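What follows is calculated from the coordinates using simple rules that are stated; it is not laboratory data. If you're wondering where the values come from, they're calculated on a predicted model, not measured in any experiment. Positions of Cβ are backbone-derived with ideal geometry, glycine not excepted, and every protein chain shown enters the neighbour counts.
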């Protein structure tokens, strides 16, 4: 058996095109004022600059106005908080994100939580996490939202499915589990202390790996016919590779995401979707 | 094999005695001002009045000052919110809880979320749920905290243990899963849509049932040697009974909580503990 490859680029392109259409409608309804995304980058970390550049470029492509704030590495806590407050208050800014990690003298958790819940398009504040945990409407973290879209694309029935998530980060594993639970899946969260990871994975109808260990998940960890989602982004022998042994797993799974070209592209697509949703909520339109 | 009975009354008594000792120390340090718990009861639901009365009595027994607010059933939203605001601002009030359910014209979620996070001793606000989800310090829901204490009493090793929680309520199942995860357990959350509940339960080292269906969990759902915690409170043939077939399960489990006398008594003990913790945080003492 050879698994169907879930094409993350195609899914992302579809979501972006849909967002672009809806952004155009929204902008027209509001007399030409588009949704706006403010990004904050402190310092000159090269990888972070690439990420922020990618987000700003994606905004431009779908008609979202970008506000690209770049601050020196020695920016004070007070100045950074003042900028966040200014963006929270700016009616042209629908969403705010502060690219992490921050330089060592700044507290990423504090700065993130200064972003108003209404503009928290990364879905990482206490308020957004609480709303997700309680099943209340709110902005959800982008990568788990992308995974839900990929699973829908693959035609995966989540209701009653045994879903195993490897990894329990605040950024991905924990919100992923909450979203799966809202889709009526039975959810198991595994991590480094899990006793028999292979056996637990073998019970999964849907197996989602997000641990950052190249090829941790072997082919014989995959239940025949399972759907496998690989959130890992590791460098192995100079190549980008996931947490799953793709070659072996794709012999057993019914569908699988590749790395690259799987989960990665969908994350920015859902950042754009969140920015539009935030703009709608602020404008009082559902 | 006959399981050890985990004595919830004894655990609760020990926690209460410890809280009483710490309350006395705290009160002495603050020149005679004890922690304070404000309860709000709207209307005259008999069961709610019994619960609130029990909480106030428990406060008195450990030296916490009680503020017992009872409002008529037709209290307006505005008046109720004004009372919550007043209690949020009152320095003698360390914790605030509004007994649910509220009369139909009032929104329990809105009123609960009007309670300041610092005084949210039930741990049910968005802010408390978010802090729990993100692994940040905060006030935790009382019943899951009680279960953690019962498991500790039973000598249960949670790290790496396969824990299965049946039920995904905001009040219990979801925060229980988060607390188990923080104790490094592998956690599975099951519910009404779970396909093969019996099989999933049979894999559990620790099985926690909170669904409100009398005797749902059969003896042969329990892995030999497992620890079983029964959070159910059901009426069956006029008797209070849990979600677990206690007689059958106790033949297989290594330890089990009874109903009544298991989880129930620990909930109020952790409400008292939360009130003390809230008072300490407000006084700036860890």
Give me a single rounded figure for A:136-145: the average over its residues of other chain Cβ atoms within 10 Å of their Cβ.
1
Degrees between helix A:263-283 axis and first principal axis of chain A (Cα, 0 to 90, nearest 10):
40
What list do you get for A:5, B:64 if you sort them by fewest beta carbons within 10 Å?
A:5, B:64
Average beta-carbon neighbours from other chains, 10 Å sphere, peptide A:192-198:
4
Taking only DSSP H segments of four or more residues, each worth -39500 (n - 2.57), what value at 222 nm results for the protein assembly as shown once the sum is divided by all its residues, to the nearest 500 deg cm²/dmol?
-13000 deg cm²/dmol
Mean separation of Cα contacts under 8 Å (6+ apart) over length of the range B:142-264, as relative contact order %:
22
Considering only the range B:142-264, percent of DSSP beta bridges that pair antiparallel, nearest 5:
15
Would you mind checking the range B:199-226 for residues with the amide N under 18 Å from a putative spin-label position 7 Å along Cα→C-beta of residue B:247?
B:214-222
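Over all alpha-carbon pairs in chain B, figure out the percentage whose distance exceeds 28 Å.
Of all Cα-Cα pairs in chain B, 38 percent lie more than 28 Å apart.
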Can you tell me the 0 to 90 degree angle between the C-alpha axis of helix A:77-89 and the longest principal axis of chain A, rounded to 10?
80
What list do you get for A:192, B:250 if you sort them by fewest beta carbons within 10 Å?
A:192, B:250
Taking chain B as the reference, fit the longest principal axis to its C-alpha atoms, fit the long axis of helix B:142-153 to the helix C-alpha atoms, and give the angle between the two in degrees, 0 to 90, nearest 10.
50
Looking at chain B, send over the antiparallel percent of its DSSP beta bridges, to the nearest 5.
10
Using the number of other C-beta atoms within 10 angstrom as an exposure proxy, rank A:2, A:128, A:116 with the fewest first.
A:2, A:116, A:128
Looking at the range A:1-47, I'd like the Rg to Rh ratio, where Rg is from alpha-carbon atoms and Rh is Kirkwood's inverse mean 1/r.
1.22
The protein assembly as shown: Rg to Rh, with Rh as the Kirkwood radius over Cα pairs
0.99
Based on DSSP, what percent of beta bridges with both residues in the protein assembly as shown are antiparallel, to the nearest 5?
15
How high is the relative contact order of chain B, in percent, counting Cα pairs under 8 Å that sit 6 or more residues apart?
23
If contacts are Cα pairs under 8 angstrom and at least 6 residues apart, what is the relative contact order of the range A:68-163 in percent?
19
Extending each Cα 7 Å along its Cβ direction at residue B:136 and residue A:280, get the distance between those two points in nm, one decimal.
2.7
